[in-house]
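Everything below concerns the one structure shown next.
The values are calculated or read from the model by the stated rules, or taken from the named source; none is laboratory data. This one's a predicted model, so the numbers in the text were calculated from it and none came from an experiment. Counting neighbours? That spans all protein chains shown, and the Cβs are built from the backbone with ideal geometry, glycine included. When the accessible area is computed, the model is the full protein with side chains, heavy atoms only, and any ligands, DNA or RNA have been set aside. Shrake-Rupley method; radii C 1.70, N 1.55, O 1.52, S 1.80 Å.
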Amino acid sequence: MGLTITEKIFSAHCKKECRAGDVVMAPVDGAMIHDITGPLAINVMKEMGGGSVFDPKKVIMLFDHQIPADSISAAENHVMMRTFAREQGIHNYDIKEGVCHQVVPEKGRVKPGDIVVGSDSHTCAYGALGAFSTGIGSTDMAYVLKFGELYFRVPETIRINANGKFQDRVGPKDLILTLAGDIGADGATYRALEFCGNAFSDMDIPGRMTCANMAIEMGAKAGIVPPDEKTWEYLRGRTDCTPFSLASDEDAKFFETREYDVSKINPKIAVPHNVDNVVDVTEVAGKPVDQVFIGSCTNGRYEDFARAAEVLGDNVFSEDVRVIMVPASKAEYMKVLKAGLIEKFVEAGALVEAPCCGPCMGGAFGLLAPGEVSLSTSNRNFRGRQGSAESFVYLSSPETAAASAITGVITDPREV
């Protein structure tokens, strides 16, 4: 019997055949920590006896959640992590580069076939490049920092075959919301999602990142797109890696295979307070919104802002809506800037902020008051996620977000 991509990755790292269900101690190729979860991992590592990290070159550190420091405690955490980075010889991207899940791929810190862990649940985003990447807790991260390896149970794989061509103003975010609504919040718990079919092979890397990013919203341990020429082209100049083939064998055993025709997918929206509570936008059209957020590690790339700009056209944003836009990294910010889109958005009434997580986690800014409604391109809409526990967060694509920001109410982007 053949092997899935996930089984092949673990087999290569453990130097023995690994099958779904096996419990193995596997070395990691990268370990990412940021300003929220990093301090706990560092403190636990010190409690374990301290010493040196397993390999400073494989530890990725940056600050993205509370930047610039929005409280004294946040500033103290930043100082502690900067000190640790200097002592350990770790390169610290600090506050200068942007959101971890965008910076790691664009800096060439992940490649196909890698095992990468991060003390953040959306670390699964790197699977867009054919890696097995997954989020872990801060205490597990402390062990990884010290020893460079971790116990894993090799996940079973759910194969997603998505084929067809998207309708106008429908795209990757609508597809992954469709999957979340179909599979459910725990329907893929501790399994790997393997994204296949021509809808994914035709999809650009930013779109693949959007989908892999939200694998965790179905409980998945990882979300993986088999690497292809687009993958290697993205990595060219970012990292030294000779292209190779990595795909599941034809006779590999999958836990389940699901088929989707993306041409039949309409604009989707996740309504409060769960990501799998997904409906067509038309079912909630007309709902007034107080704030629209376009950004995050899910939809904060140039391509996302270009989609929003296409919908915006010569319109302006509603006077009744606070529109906050946050590119996911400095590199993406510069693309948006050079394309003239920041000027376009600001003139239309938006606030465009420096690269960071922004309103996504209800941290540094953009918090909601009780009763307020946010439409966000981010990945979670749990109660209290973006501020008050009495507020309401809806999730959508950049196209739907832009259309709704124009009208002031939730709007099908095909109608603008």
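For the stretch 336-352, the criterion of being in a loop (DSSP other than H, G, I, E, B), of a type outside the set (A, V, I, L, M) and touching a Phe, Trp or Tyr at 6+ places or on another chain (Cβ under 8 Å) is met by at least one residue.
Pairing residues of the stretch 154-166 that are among the hydroxyl-bearing types (Ser, Thr, Tyr) and modelled with pLDDT of 95 or more with residues that are assigned to a loop (DSSP other than H, G, I, E, B) and open to solvent by less than 50 Å² (accessible area, probe 1.4 Å), at Cβ distances under 8 Å and at least 6 apart in sequence or on separate chains, gives Thr157/Thr4; Thr157/Ala20; Thr157/Ser248; Thr157/Phe254. Scanning the stretch 379-393 for any residue that is open to solvent by less than 10 Å² (accessible area, probe 1.4 Å), free of Cβ contacts under 8 Å to residues at least 24 places away in the same chain and not in a strand (DSSP E or B) turns up at least one such residue. When the stretch 281-309 is filtered for residues that are assigned to a strand (DSSP E or B) and over 17 Å from Thr377 (Cβ atoms), only Pro288 remains.
Residue by residue, here is whether (1) hydrophobic (A, V, I, L, M, F, W, C); (2) within 19 Å of Thr298 (Cα to Cα) holds:
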| position | (1), (2) |
| --- | --- |
| Ala142 | yes, no |
| Phe147 | yes, no |
| Tyr151 | no, no |
| Gly184 | no, yes |
| Pro206 | no, yes |
| Ala222 | yes, yes |
| Glu229 | no, no |
